[in-house]
């Protein structure tokens with residue numbers, strides 16, 4: 001098999017894998033939402049994430065308190081902001097873990113189907 005034919009074949013296969021994964025992700029999202037809109041689900045998780053964000057900011061501030069060396073106010077503030085962002089991000093991710101699981105499951109299910117079809121095309125089974 002020449003390089004052009006091989007690369008074209010692999011490009012088509014890759015495109016098929018990506019498209020099936022995206023279709024599976026959409027179907028997984030729709031299965032989780034059951035006709036509801038995504039906006040209320042995300043806004044609820046964002047509204048619940050402020051407490052962990054404040055806790056993360058406090059941990060960032062306390063963790064940046066100087067021991068034997070001095071730190072500037074800017075560095076202490078930056079550590080607090082980073083801690084708050086980490087706390088906020090983790091809280092939103094945790095609140096939406098079921099949605100993420102459904103999306104990932106749908107995508108992987110479709111990708112595995114395409115991979116199995118590709119394998120069977122490359123390795124035909126002879127029952128005779």
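Rule-based calculations on the coordinates, nothing more; no lab input. Here the structure is a predicted model, which means the values were calculated and not measured. Positions of Cβ are backbone-derived with ideal geometry, glycine not excepted, and every protein chain shown enters the neighbour counts.
Hey, with R₀ at 35 Å, roughly what FRET efficiency would residue 15 and residue 82 work out to, going by the Cβ-Cβ distance, to 0.05?
The pair residue 15/residue 82 has a calculated efficiency of 0.35.
Would you please give the FRET efficiency between residue 26 and residue 112, computed as 1/(1 + (r/R0)^6) with r the Cβ-Cβ distance and R0 = 22 Å, to the nearest 0.05?
Given R0 = 22 Å and the Cβ-Cβ separation, E is 0.85.
What does the helix-only formula give at 222 nm for the chain: each DSSP H stretch with n ≥ 4 adding -39500 (n - 2.57), the total divided by the residues, and the result rounded to the nearest 500 deg cm²/dmol?
One gets -28500 deg cm²/dmol as the mean residue ellipticity at 222 nm.
Contact order normalised by length for the chain, with contacts defined as Cα pairs under 8 Å and 6 or more residues apart; what percent is it?
Answer for the chain is 40 percent.
I want to verify a result. In a Gaussian network model of the chain, Cα cutoff 10 Å, which of these has the top mean-square fluctuation: 106, 80, 35?
Comparing 106, 80, 35 in the GNM, the peak value goes to 35.
Have a look at 90, 11, 108 and tell me which one the Gaussian network model of the chain (Cα, springs below 10 Å) gives the largest fluctuation.
Between 90, 11, 108, it is 11 that shows the largest mean-square fluctuation.
For the chain, build the convex hull from the C-alpha positions and give me its volume per residue in Å³.
In the chain, the Cα hull volume divided by residue count equals 218 Å³.
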